[in-house]
Amino acid sequence: MGMPNIIKETCSGYITYTIQDEMLMYRELECVGVIDEDSVNSLILQLRYLERQDADKEITIYINSPGGEITSGLALYDVMKAVRCPIRTVCMGLAASMGAILFASGDKREMLAHSRVMIHDPLIAGSGIRGSATYLDSQVKDLMNTRKIIAGILSEHTHRTVEEILEKTAKDTCFYGEDAIAFGLADKIITRL
């Protein structure tokens, strides 16, 4: 099913645009589904555009994501931190893996009542591990470095130690509402948008 359109009558006639365009006018963005190069590039462009429109006005990012590519997610994270606008993140349903990192990095972090946040260590994607011992060793070193980077980011935004984060991310750890607030991943549970 495609994105629904809005039709408005103006003095020049009828205009048609998507609901996403309407939400952009209200400074509301969506990070929904898998985080990958395409979805992140779109969000980065929208963030930069909104900063140019008004660098002091808040931007809301609604997140319902199982996570995805670390490199793409970190690019979005860096832009979220680089824009001057305050960023409000709202977890709707699930913010997992890279989605959880993006959610936790908001200046204001809110969760809908039945949503959850899941954190874990970075994973190796693909159907099988192949390559020479030297290649595999370099992949493991890169993965462990990424693990430290992600733990550092979560530590910064939760005010937990890196060791506490590494203990929680050693396995899939889910947080609902009050538990997410207590751990420092979220600030507030909301019932209205």
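The values are calculated or read from the model by the stated rules, or taken from the named source; none is laboratory data. Quantities reported herein were computed from a predicted structural model and do not represent experimental measurements. For neighbour counting, all protein chains shown are included, and Cβ atoms are generated from backbone atoms with ideal geometry for every residue, glycine included. In case anyone asks, the SASA skips ligands and DNA or RNA and just uses the protein heavy atoms, side chains included. Shrake-Rupley method; radii C 1.70, N 1.55, O 1.52, S 1.80 Å.
Observations on the model:
- Using a probe of 1.4 Å on the protein chains alone, the accessible area found for ILE181 is around 50 Å².
- Solvent accessible area, Å² - THR146, 1.4 Å probe, full protein context: 20 Å²
- Each of GLU69, GLU28 has its accessible area taken with a 1.4 Å probe; listed largest first, they run GLU69, GLU28.
- DSSP bridge analysis restricted to the chain gives an antiparallel fraction near 30%, rounded to the nearest 5.
- Pairs of Lys in segment 24-154 closer than 21 Å at Cα, counting only those 8 or more apart or on different chains: 4
- Rounded percent of accessible protein surface that carbon and sulfur make up, the chain, 1.4 Å probe: 53 percent
- Solution diffusion estimate, µm²/s, Stokes-Einstein, segment 27-129, Kirkwood Rh from C-alpha pairs, 25 °C, viscosity 0.890 mPa s: 180 µm²/s
- When you restrict to C-alpha pairs under 8 Å that are six or more residues apart and normalise by the size of the chain, the relative contact order lands at 17 percent.
- Contour minus Cα-Cα distance for TYR176 and GLU69 (0.36 nm per residue): 36.2 nm
- Taking each residue as 0.36 nm, the span from MET25 to ILE7 lengthens on full extension beyond its C-alpha to C-alpha distance by 4.9 nm.
- When only Cα pairs below 8 angstrom with a gap of at least 6 residues are kept, segment 63-143 shows a relative contact order of 29 percent.
- For segment 80-121 versus segment 162-184, the gap between their alpha-carbon centres in whole angstrom: 13 Å
- Heavy-atom surface of the chain, accessible at 1.4 Å and reported per residue (Å²): 58 Å²
- To the nearest 10, the accessible area of GLU51 is 30 Å² with a 1.4 Å probe.
- Structure-derived Cα Rg over 2.2 N^0.38 Å - corresponding label in [x] 1.09; [y] 1.01; [z] 1.13: [z]
- Where a label projected 7 Å from the Cα of LEU193 along Cα→Cβ would reach, residues of segment 32-64 with amide N under 13 Å: 32, 60-64
- Tensor-based shape of segment 1-76 (alpha-carbon gyration tensor, a/c under 1.5 rounded, otherwise prolate or oblate): oblate
- Between ASP179, ASP137, ASP78, the GNM of the chain built on Cα springs shorter than 10 angstrom shows ASP137 fluctuating the most.
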